[in-house]
Amino acid sequence: MIVVRILLLVFFQAFFLRDVSPLGEWTRPEWTLWALLLIPPQANSFLKLTLGFAMGVGLDIAMGSYGHHMVAGTVLGGLLPALHRLFAPREGYEISDHPILRDMGSSWLVGLTFSAALIYHLALMLVSNWYWHLIPGALLPTLTSAVFTTLCCLVLHLMVYAPDRRKSSS
Amino acid sequence: MRNLWLLLQRNAFTLAFIALMAVSLSVLLRNDGAARSSWFKQTGAISYMIDHQRHGWSNYLRLAEQNAELAEENANLRSRLLSMDMATEWVEDTVRHWTVRSGMLIKGPDGKPRSPSIATPGLNGGIETGMGVLSGGAAFGTVEEVGEDHCRILTLMHSGTSWSCRIGRNGPVASLGWDGMDMGLLQLKDVPRHVQAVRGDSIFTSGYDLRFPPDVMMGTIFDVERQSGADFMSVSVVPTVDFKSSRHLDFLVHQADSERTALSSTEWQP
């Protein structure tokens with residue numbers, strides 16, 4: 001299911017949503033991150049790393065970006081277990097916990113999504129600019145893009161896991 | 001091996017992360033020109049720094065070896081300098097009435113025990129029998145016979161004669177000759193067993209034979225052999241003059257030669 005979700009989002013981002021950027025480089029969303037963030041926190045670290053790498057490969061193939069997303073996806077996949085540990089509740093994750101608003105709460109969801117988006121955009125910015133003198137100028141657009149990606153992921157999340165749906169399912 | 005396996009297992013995630021990052025970066029560097037140039041710029045600077053540091057350490061570690069090489073080279077140069085000082089060219093001695101006339105060697109010694117050497121000038125150039133001859137400031141021989149334009153020289157490399165010499169500037173007087181065997185070695189005769197002589201000592205003219213002034217370089221001691229039961233030791237000497245390459249000669253002229261000859265003869269009465 002996770003793989004299918006990643007493939008679908010890679011497809012949509014590459015062919016339909018890549019131009020959804022209302023303020024140009026200041027708001028460049030990475031929709032596919034949402035699929036990666038739906039990996040359960042209890043999942044194996046290798047799975048997170050592999051799926052992060054696979055997501056990057058998919059995006060690079062689909063968008064022709066020559067390894068930029070591979071690097072960023074691998075960085076995020078490698079740091080995702082640490083992020084999950086960082087945002088873990090005091091008593092730890094339960095076996096039935098899903099990374100959704102209903103189970104983990106809004107602060108967990110917003111915090112994790114923003115952190116992941118920031119890491120991904122920072123890695124992407126580094127491999128896109130490469131030269132140190134270009135990096136300070138790219139920091140602010142990276143930050144705003146991370147915020148915009150967070151918003152997009154939350155919108156997607158609310159669309160798929162809407163509160164009314166949660167009530168009806170429960 | 002088991003510990004290594006455990007270590008790998010413990011760090012498997014980190015290793016997998018590094019491997020995937022390496023794959024990603026290699027793809028990126030292969031396809032992105034800007035990334036590639038920046039990467040090589042950064043890694044080039046780092047590799048230069050590492051290489052520079054390594055070179056510095058390598059030089060530091062080789063200091064002892066280089067120091068030994070330099071010391072050896074220094075010793076060799078000092079030795080050469082010393083021998084050059086000793087073989088310094090003879091300066092015309094006007095105080096003691098010695099002057100020189102230049103000449104040219106036409107035929108040098110050929111290694112045979114009694115081979116003659118021929119030079120110019122002869123009588124027309126003021127050359128007389130019995131004059132000492134120098135080559136490069138060192139003793140070469142003496143004029144044996146004089147013609148109009150040429151003269152015959154009895155060199156140190158003639159087995160039929162001997163030369164009065166001194167071991168060192170203030171050492172004992174001995175007789176130098178050639179046994180006709182090896183052209184590169186002369187023999188010191190009549191050196192008493194107790195005399196201090198070691199390899200490297202210089203041999204100078206004594207001046208007693210009236211053909212050369214004293215302290216003209218003749219050679220250097222090559223070997224000293226003290227045979228048991230013998231009163232004299234056998235000393236071999238390397239001549240300073242290279243008889244195979246000598247060309248320019250200096251004929252020694254003493255301004256008061258007739259007076260010396262008269263004084264040295266037994267018939268002279270004051």
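Taken together, the values in this text are just the output of simple stated rules run on the coordinates, not laboratory data. The structure displayed is predicted, hence computed values, not measured ones. So basically every Cβ, Gly included, is an ideal-geometry build from the backbone, and we count neighbours across all protein chains shown.
Could you work out the Rg to Rh ratio of the range B:136-207, with Rh taken as the Kirkwood radius (inverse of the mean 1/r over all Cα pairs)?
In the range B:136-207, Rg relative to Rh is 1.02.
Could you tell me the calculated FRET efficiency between B:Ala45 and B:Asp190, based on Cβ-Cβ distance and R0 = 56 angstrom, to the nearest 0.05?
Values: r = 77 Å, r/R0 = 1.38.
According to the calculation, E is roughly 0.15.
Can you give the average number of partner chain beta-carbon atoms within 10 Å of each beta-carbon in peptide B:11-24, as a whole number? List each step's numbers first, then the result.
On the way: counts 0, 2, 7, 1, 0, 8, 10, 2, 3, 14, 6, 1, 6, 15.
Averaged over the peptide's residues, the number is 5.
When you look at the Cβ of every residue in A:77-90, what mean number of other chain Cβ atoms sits within 10 Å?
Mean shielding by partner chains, rounded to a whole number: 1.
On average over all directions, what projected area in square nanometres does the range B:2-61 have, based on the convex hull of its Cα atoms?
Reported value for the Cα convex hull: 6.5 nm².
Per residue and in Å³, how big is the convex hull formed by the alpha-carbon atoms of chain A?
118 Å³
Looking at chain A, identify the longest residue range that excludes and avoids all trypsin sites (Lys or Arg not before Pro) in DSSP loops having at most 16 other Cβ atoms within 10 Å.
Looking at chain A, A:91-170 is the longest stretch - no exposed trypsin sites (Lys or Arg not before Pro) with at most 16 other Cβ atoms within 10 Å.
Under a 10 Å cutoff between Cα atoms, tell me which one of B:Leu77, B:Leu156, B:Leu185 has the largest fluctuation in the Gaussian network model of chain B.
The residue with the greatest mean-square fluctuation here is B:Leu77.
Where does helix A:68-86 land angle-wise versus the long Cα axis of chain A, in degrees 0 to 90, nearest 10?
40 degrees
Could you give the angle, 0 to 90 degrees to the nearest 10, between helix B:63-86's Cα long axis and the longest principal axis of the Cα atoms of chain B?
10 degrees
Through the Karplus equation 6.51 cos²θ - 1.76 cosθ + 1.60, θ set to phi - 60°, convert the phi angles of the range B:212-220 into ³J(HN,Hα) values in whole Hz; use x for Gly and Pro.
Karplus values, whole Hz, x for Gly and Pro: 10, x, x, 6, 8, 5, 10, x, 10.
If one takes the longest principal axis of the Cα atoms in chain B, at what angle in degrees, from 0 to 90 and to the nearest 10, does the Cα axis of helix B:12-31 lie?
70 degrees
Write out the GluC sites (Glu not before Pro) in the range A:1-96 meeting two conditions: DSSP loop, and at most 16 other Cβ atoms within 10 Å of their Cβ.
A:Glu91, A:Glu94
If all Cα-Cα distances of the range A:40-97 are sorted into 5 Å bins from 0 onward, what percent lands in each bin, rounded to whole numbers?
4, 22, 23, 18, 13, 10, 6, 3, 1
Across the protein assembly as shown, how many lysine pairs, 8 or more apart or on two chains, come within less than 28 Å at their alpha-carbon atoms?
Count of close lysine pairs: 5.
Report, in cubic angstrom per residue, the convex hull volume of the C-alpha atoms of the protein assembly as shown.
Dividing the Cα hull volume of the protein assembly as shown by its residues yields 342 Å³.
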